[in-house]
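Below is one structure, written out as structure tokens; comments come after it.
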Amino acid sequence: MVSQNSSASGSSSQSRLSSPVLKCYHNEVAPLRVVRHNGPRLGMKFYACAIGPWVDDVNLIQDMQFQILDKDTTIADLENVVKMLKEDNENLEEQLAEVGIECNERRLMMECEADDKRKTYALLLSW
């Protein structure tokens, strides 16, 4: 994994437009190099590691960093959506419980009213 160091090393005459200081997998500073041999990659910049065979294209690194940032943003957005949906679900479950309680209360009232009507009807018939 490539890590970008926020503090640039070197003399104070170093330009602000210089390349960022990156570290390789070995946690060593990876110098910026340019392909000098003839071929399709001639002139392309890359970071290299003197310790091992690690090489990455600068544009590839930047593209990957942007993709990671984009995916992290997407993940954060989706986590917020999940959180909101869970809250909505909890609210709906509470409302459903309240409606269930209200239905049971009304059913009991209706049963009592029906029972009272039956008793009143039975009393009237018994006279």
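The values are calculated or read from the model by the stated rules, or taken from the named source; none is laboratory data. This structure is a prediction, so every number in the text was calculated from the model and none was measured. Heads up: the accessible areas ignore ligands, DNA and RNA and are worked out on the full protein's heavy atoms, side chains in. Shrake-Rupley method; radii C 1.70, N 1.55, O 1.52, S 1.80 Å.
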### Query
Taking N as the number of residues in the range 69-120, what value does Rg over Cα atoms divided by 2.2 N^0.38 Å take?
2.27
### Task
Could you list the square roots of 5 times each eigenvalue of the Cα gyration tensor of the range 21-116, that is, the equivalent ellipsoid semi-axes, sorted largest first and rounded to whole Å?
69, 12, 8
### Task
Quick one: which residues, 5 or more positions from ALA30 or on another chain, have an amide H under 5 Å from its amide H? H modelled 1.01 Å from N in the peptide plane, none for Pro or chain starts.
LEU22, LYS23, CYS24
#### Entry: Solvent accessible area, Å² - LEU78, 1.4 Å probe, full protein context
100
## Note on the structure
Once MET64, MET109 are ranked on solvent-accessible area with the largest value leading and a 1.4 Å probe, the list reads MET109, MET64
### Message
Please list, in order along the range 95-112, the HN-Hα scalar couplings obtained from phi with the Karplus expression 6.51 cos²θ - 1.76 cosθ + 1.60 (θ = phi - 60°), rounded to whole Hz, x for Gly and Pro.
### Response
4, 4, 4, 5, 5, x, 5, 4, 4, 4, 4, 5, 4, 5, 4, 5, 5, 5
